[in-house]
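Student: There's a structure below that I have some questions on.
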Amino acid sequence: MMRGTAWFLAFLGVFGVWSDGHVGSVAHAGELRPGGAGRGGVLSPRASEAASVTLRAGAASIDITPPVGVSLAGYGGLGRRLLLPDLLGLYPYAFWFKPSTGIHLPIMARALVLEGGQARVLWIAVDLIGVDSQLVRDLTSRLASEGFSYTAVIVAASHTHSGPGNFSRSRLFGFLALDRFVPEIVDHLLRGMIQAARQAELRKVPARVGGGSGEANGIAVSRLDLPVDPELGVLKVVGADGAPLALLWNYAVHGTTLGKENRHLSGDLMGVANRLLERRLGAPVLYTNGAVADVSPARHGPGAAETLGEELAREVLAVWERVPPRQDATLRAVAARVELPEPRLTPRHCFGGWVPRAVAVGLGWALPPTTELAAVAVGAYAWLAVPGEIDTRLGQEVKAEGRRFFRGAFVVGLANGYLGYFLARDAYRRPGYIRCASLYGESGGEVLTGRAKALLRQLGESRR
């Protein structure tokens, strides 16, 4: 999740820094022209499905940009970190990290409500580094108190490394890359997300939906010198008259084009793409990240954020324009709890072979022993939400299993929580940052994705 912060995690593990309970999750250009080639939770424990009836859908896009001066989340190194913590109270929000100094792109929360038969799903896509599980619980509780209940709620972070921090109650993650917890900032973000959900509810109308996929090459590169997954997924939602209601899309890339030197709030390259798509379609556009553990943007710098964002937007638009919406799509959702291996930090993975193999630091005080996965199917396409970052090969395994039952399946990473990295066994054995930040061991990725594949099978078999 946060480049450079695993070294701090090692320090914290060794010296026993206290954390507030389990960190079950952390919580401008012109017209587009289509181009490129491609192919046309918080959840109740039970499965649900809708009969083949007309769906209703509503969506909203809300600016939730916090005040300038909020810390930026995502980098734990000295590029963003204050030389000394702000013990004198010089900054209203920052403590461990330098305060933001401006706005490159607004920070957005976008909501999509889908309902059909007995199923009701709320998607929220937000320009954050990750999602804090308590923030999700507060969101669903507040909405339930207003009469809005759902079969599934999926809150997905874009993983921008230039979004606001100050929202995690964990002192561990606060020190690492999110800065101290500031109730004012959390309340601001939460109110914006609730407002997005309310507006989406008020805008519900009969809808038609369609799914599809394409490819965006040259956007991302592997951190492991392996092939990347260029697939992008699209859910097209239109009204009965064909007018755009919402676009939900998925693509794996780190939001790090702007780099650690940037101190302006921004949604990074994904924010650029979303803005262009919303201008073109006149409807909310929700971005979800994919299997992103080992994937970085191909280029860096403010110019790269613009050009890569424009390229992504063109490919997404190309898929949108060739996807035929259907009136009889079904809506289903399932969830499953996963028991994970014992979390621990192995300093050898962070600092090198000079550290004895037997040295390890248990992290049960900071990370939970279980987590929940959620899967939603809209028509012939399935979306699998994971509370962390899995690598490309594990993501492709999950998607391949989903394609046994659906026309397409997409991994939604950094959704409803954050538990670090999950790697394939051979990737876990390679030294480097992502191995250091994979805190559930070499079997953690297999355990998580094994349950994910079983969940997709369950969801697919419910279609028969």
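Student: If you check L312 against the conditions, is it part of a strand (DSSP E or B), at pLDDT 95 or above, surrounded by 23 or more Cβ atoms within 10 Å (Cβ to Cβ) and among the aliphatic types (A, V, I, L, M)?
Tutor: Criteria not met by L312.
Student: Yes or no: segment 371-382 includes at least one residue that is farther than 21 Å from L248 by Cα, of a type outside the set (K, R) and out of contact with any helix residue (DSSP H, G or I) (no Cβ under 7 Å at 6 or more places or on another chain).
Tutor: Scanning segment 371-382 turns up at least one residue that is farther than 21 Å from L248 by Cα, of a type outside the set (K, R) and out of contact with any helix residue (DSSP H, G or I) (no Cβ under 7 Å at 6 or more places or on another chain).
Student: Could you tell me whether segment 253-269 includes any residue that is under 14 Å from the mean Cα position of the chain (by Cα) and among the acidic types (D, E)?
Tutor: yes
Each row is one residue, and each column tells you yes or no for (1) more than 19 Å from the chain's Cα centre (by Cα); (2) buried (at least 24 other Cβ atoms within 10 Å of the Cβ); (3) among the acidic types (D, E); (4) not in a helix (DSSP H, G or I).
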residue	(1), (2), (3), (4)
Y91	yes, no, no, yes
F95	yes, no, no, yes
E115	yes, no, yes, yes
W123	no, yes, no, yes
L128	no, yes, no, yes
V131	no, yes, no, yes
T140	no, no, no, no
L143	yes, no, no, no
F148	yes, no, no, yes
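Student: Kindly provide the set of residues from segment 239-250 that are aliphatic (A, V, I, L, M) and surrounded by fewer than 23 Cβ atoms within 10 Å (Cβ to Cβ), ordered by number.
Tutor: A240, A243
Student: For residues that are within 20 Å of V412 (Cβ to Cβ) and either basic (K, R) or in contact with a Cys (Cβ under 6 Å, 6 or more places away or on another chain) (or both), tally how many sit in segment 425-456.
Tutor: Number satisfying all stated conditions: 2.
Student: Return yes or no: is L176 surrounded by 24 or more Cβ atoms within 10 Å (Cβ to Cβ) and either more than 18 Å from the chain's Cα centre (by Cα) or of a type in the set (K, R) (or both)? Write out each step before concluding.
Tutor: On the way: surrounded by 24 or more Cβ atoms within 10 Å (Cβ to Cβ): yes; either more than 18 Å from the chain's Cα centre (by Cα) or of a type in the set (K, R) (or both): yes.
Here the answer is yes, as L176 does meet what is asked.
Student: Just checking, which of L265, L281, L258 is farther than 22 Å from A177 by Cβ, in contact with a strand residue (DSSP E or B) (Cβ under 9 Å, 6 or more places away or on another chain) and of a type in the set (A, V, I, L, M)?
Tutor: Being farther than 22 Å from A177 by Cβ, in contact with a strand residue (DSSP E or B) (Cβ under 9 Å, 6 or more places away or on another chain) and of a type in the set (A, V, I, L, M) holds for just one of L265, L281, L258, which is L281.
Student: Additional query: Among the residues of segment 202-238 satisfying the criterion of being hydrophobic (A, V, I, L, M, F, W, C) and under 20 Å from S61 (Cα atoms), which is surrounded by the fewest Cβ atoms within 10 Å (Cβ to Cβ)? So that I can check it myself, show each step before the final result.
Tutor: As a first pass, look at segment 202-238 and keep what is hydrophobic (A, V, I, L, M, F, W, C): 202, 205, 207, 209, 216, 219-221, 224, 226, 228, 232, 234-235, 237-238.
Filter once more, keeping what is under 20 Å from S61 (Cα atoms): 202, 205, 207, 209, 234-235, 237-238.
Numbers: L202: 10, V205: 13, A207: 23, V209: 26, V234: 26, L235: 27, V237: 25, V238: 21.
Filtering segment 202-238 for residues that are hydrophobic (A, V, I, L, M, F, W, C) and under 20 Å from S61 (Cα atoms), the one surrounded by the fewest Cβ atoms within 10 Å (Cβ to Cβ) comes out as L202.
Student: State the number of residues belonging to segment 378-430 that are over 18 Å from the mean Cα position of the chain (by Cα) and hydrophobic (A, V, I, L, M, F, W, C).
Tutor: Result for segment 378-430: 7.
Student: Have a look at P92, P67, P85, P45 and point out the one that is at pLDDT 95 or above and farther than 29 Å from N274 by Cβ.
Tutor: The unique qualifying residue is P85.
Student: Next question. P343 fails exactly one of the following numbered conditions: (1) closer than 17 Å to Y421 by Cα; (2) at pLDDT 95 or above. What is the number of that condition?
Tutor: (2)
Student: Look through G420, G432, G444, G450 and report the one residue that is modelled with pLDDT of 85 or more and on the phi > 0 side of the Ramachandran plot.
Tutor: After applying the criteria, what remains is G420.
Student: Next question. Please work out if G192 is surrounded by fewer than 24 Cβ atoms within 10 Å (Cβ to Cβ) and part of a loop (DSSP other than H, G, I, E, B).
Tutor: no
Student: Could you figure out which of (1) under 25 Å from E461 (Cα atoms); (2) in contact with a Leu (Cβ under 7 Å, 6 or more places away or on another chain); (3) at pLDDT below 95 isn't true of L373?
Tutor: (3)
Student: Could you check segment 315-330 and list, in sequence order, the residues that are at pLDDT below 95 and either part of a helix (DSSP H, G or I) or surrounded by 22 or more Cβ atoms within 10 Å (Cβ to Cβ) (or both)?
Tutor: Answer for segment 315-330, where residues must be at pLDDT below 95 and either part of a helix (DSSP H, G or I) or surrounded by 22 or more Cβ atoms within 10 Å (Cβ to Cβ) (or both): just A329.
One line per residue, one yes/no per condition, for (1) under 24 Å from V316 (Cα atoms); (2) at pLDDT below 95; (3) in contact with a Cys (Cβ under 9 Å, 6 or more places away or on another chain); (4) small (G, A, S):
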position	(1), (2), (3), (4)
R171	no, yes, no, no
G174	no, yes, no, yes
P183	no, no, no, no
H188	no, no, no, no
Q195	no, no, no, no
G211	yes, no, no, yes
L224	no, yes, no, no
V228	yes, no, no, no
L232	yes, no, no, no
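The values are calculated or read from the model by the stated rules, or taken from the named source; none is laboratory data. Just so it is clear, the model here is predicted, and its values are computed rather than measured. Every residue, glycine as well, gets a Cβ built from its backbone with ideal geometry; the counts of neighbours run over all protein chains shown.
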